[in-house]
Amino acid sequence: MNKQLGFLHNSEKCVGCRGCEMACKNLYQTDISQRWRQVFQIDENAYPLPSRMFISIGCNHCSEPQCMKVCPVGAYTKRDDGIVIHDDNRCIGCRLCVMACPYGRPQFNSVINIVQKCNLCYQRVDKGEKPACVASCVAGALELVQINSSLDAKTGVLKTLPGLPSPSITNPSIRFVGPKQGKQVRRD
């Protein structure tokens, strides 16, 4: 593999606006029940002095994608740049990939009876453009990055956050700038 593209999410910058979610839905016109990218509020019990913080999760385009491993019809492929693509035309809707993904990213579309997922806007990436979710992030909290050892060595970059599945399962291509210890802004 030549490189591994992925996402860097900075929860210090994310304001929870869900612009990334809406950009994805608007571009792909997904069914109302599908959210290929979702914004979640970080569990306040996991951090001292909590404040409202969010993370944005889409398909992690894992180095070891379990969705691809279990698909009986080969509906998944992994490109040289690490993007994991799902071929809707090959999918038989068995949902094995849905069960295998620890992040819950492949989603069953009951309208057309197949599974679908984020494809990292590979058509846009191939033209040198940012994925829709990244391009729409007004706070600059979501970036498309190359996952490598120099990124992992940067201070403050984490492979996971509390409450997420162990990265040892799939080696996800997402990194986080996690929340810092909260600062007391006012006194009661």
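Kindly rank 17-24, 131-138 from highest to lowest mean number of other beta carbons found within 10 Å of each residue.
131-138, 17-24
If we restrict to alpha carbons, what Rg and Dmax does the stretch 29-124 come to, in Å?
According to the Cα coordinates of the stretch 29-124, Rg and Dmax are 15.0, 48 Å.
Which order do peptides 34-42, 56-64 fall in by mean Cβ count within 10 Å, highest first?
56-64, 34-42
Tell me, for the chain, which Cys residues have no other cysteine's C-beta sitting closer than 4.7 Å.
Cysteines lacking a close Cβ partner in the chain: CYS14, CYS17, CYS24, CYS62, CYS71, CYS91, CYS94, CYS101, CYS121, CYS137.
What number of lysine-lysine pairs in the chain show an alpha-carbon separation below 13 angstrom, given a sequence spacing of 8 or more or placement on distinct chains?
Going through the chain pair by pair, I get 4.
Which angle from 0 to 90°, rounded to the nearest 10, does the C-alpha axis of helix 19-28 make with the longest principal axis of the chain?
Once rounded, one gets 10 degrees.
Subtracting the Cα-Cα distance from 0.36 nm times the residue separation, let me have the gained length for GLU12 to CYS94 in nm, one decimal.
25.7 nm
Pop a pseudo-label 7 angstrom from the Cα along the beta-carbon direction at both GLN34 and VAL145 and give the gap in nm to one decimal.
Once both label points are built, they end up 2.9 nm from each other.
Rule-based calculations on the coordinates, nothing more; no lab input. Since the structure is predicted, the reported quantities are computational estimates derived from the model, not experimental observations. Every residue, glycine as well, gets a Cβ built from its backbone with ideal geometry; the counts of neighbours run over all protein chains shown.
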